[in-house]
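What follows is a set of notes on a single structure, which appears directly below.
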Amino acid sequence: MNRQLPMVASNSASTVLFAILLSAVLPIIPSSFSSPSLNASATIKAGSDTDLAALLAFKDQLYDPLSILSSNWTTSVSFCHWVGVSCSHRRQRVTALYLPDVPLQGELSTHLGNLSFLSLLNLKRTGLTGTIPADLGRLRRLRILSLFGNGLTGVIPSTIGNLSRLEFLILGNNSLSNQIPAELLQNLGSLEKISLENNYLSGHIPPNLFNNTPSLSYVHFGTAAYLADSAWHGLPAPARVFEPDVQSVIWHSTTYHL
């Protein structure tokens with residue numbers, strides 16, 4: 001019996017040592033392997049937080065004389081239920097900001113460029129002033145941009161040319177000035193309608209402006225008697241009829257009048 005004791009002691013020591021090593025390793029395992037569902041939830045929350053911050057920044061730069069936003073855009077309810085806001089069902093990201101003819105009165109926030117899932121931005125006749133933020137050029141999913149009938153000044157940002165999915169560009173009846181950027185339409189192959197009338201634009205239409213706009217069917221630049229015929233090179237034949245043949249667009253089963 002006495003000869004077996006050292007073996008038992010040795011086995012006990014090995015067991016204790018193994019338990020110590022195991023307890024030291026186990027806490028490390030969860031940090032090495034994260035759950036995909038947890039990562040997805042964290043990503044969705046981060047995106048929603050970004051959208052919320054962008055909407056609040058937009059609201060903070062507006063006077064909102066009728067308190068339409070201040071009475072409705074509150075953090076006590078999800079921003080997806082705010083007036084004028086639509087969201088995707090799965091990710092709960094802002095896909096549309098639709099407030100036409102609502103008296104907002106103020107300047108556009110640069111934070112609107114953070115609404116990375118936005119496909120519709122319609123703020124026509126809302127009393128906007130100031131310039132069009134170049135940050136709108138980061139809205140790569142945007143398909144409709146309507147800022148018609150405001151008091152916007154300054155230049156048309158060339159960054160709008162980054163919006164490769166854009167179908168409707170409605171900037172008429174503002175106080176925009178300077179020349180039309182030569183690169184404005186070069187990446188807008190899906191563009192169907194462009195409206196720039198009744199601004200203070202100057203100079204000539206860039207000669208190759210319409211070279212990459214095969215879907216374009218409606219153009220309204222207003223009085224342009226000083227422009228040479230060559231300025232319209234590349235414009236599809238149907239677009240030569242400058243009549244408002246497109247008055248509205250069907251969007252997610254809702255008619256949004258432009």
Being surrounded by 15 or more Cβ atoms within 10 Å (Cβ to Cβ), of a type in the set (Gly, Ala, Ser) and not in a strand (DSSP E or B) is the requirement here; does GLY149 meet it? yes
GLY189 passes all but one of the listed conditions (1) of a type outside the set (A, V, I, L, M, F, W, C); (2) surrounded by fewer than 16 Cβ atoms within 10 Å (Cβ to Cβ); (3) at pLDDT below 95; (4) over 27 Å from TYR63 (Cβ atoms); the exception is number (3)
Can you name the condition, by its number, that GLY161 falls short on among (1) surrounded by 18 or more Cβ atoms within 10 Å (Cβ to Cβ); (2) within 21 Å of GLY84 (Cα to Cα)? (2)
For the stretch 195-213, what are the residues that are hydrophobic (A, V, I, L, M, F, W, C) and either assigned to a loop (DSSP other than H, G, I, E, B) or at pLDDT 95 or above (or both)? LEU196, ILE205, LEU209, PHE210
In the stretch 55-71, residues that are within 12 Å of LEU99 (Cβ to Cβ), assigned to a loop (DSSP other than H, G, I, E, B) and in contact with a Ser or Thr (Cβ under 8 Å, 6 or more places away or on another chain) total 1
Every residue from the stretch 101-124 that is under 25 Å from LEU185 (Cβ atoms) and part of a loop (DSSP other than H, G, I, E, B): LEU108, LEU115, SER116, PHE117, LEU118, SER119, LEU123, LYS124
Candidate set: the stretch 82-100, residues that are assigned to a loop (DSSP other than H, G, I, E, B) and closer than 16 Å to ALA57 by Cβ; chosen: the one farthest from the chain's Cα centre (by Cα): TRP82
Is it fair to say GLY172 is farther than 19 Å from GLY130 by Cα and either surrounded by 14 or more Cβ atoms within 10 Å (Cβ to Cβ) or modelled with pLDDT under 95 (or both)? no
Provide a single number: the residues in the stretch 159-209 that are over 24 Å from SER119 (Cβ atoms) and of a type outside the set (Gly, Ala, Ser). 14
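The values are calculated or read from the model by the stated rules, or taken from the named source; none is laboratory data. Model, not experiment: these values are computed from the prediction. Counting neighbours? That spans all protein chains shown, and the Cβs are built from the backbone with ideal geometry, glycine included.
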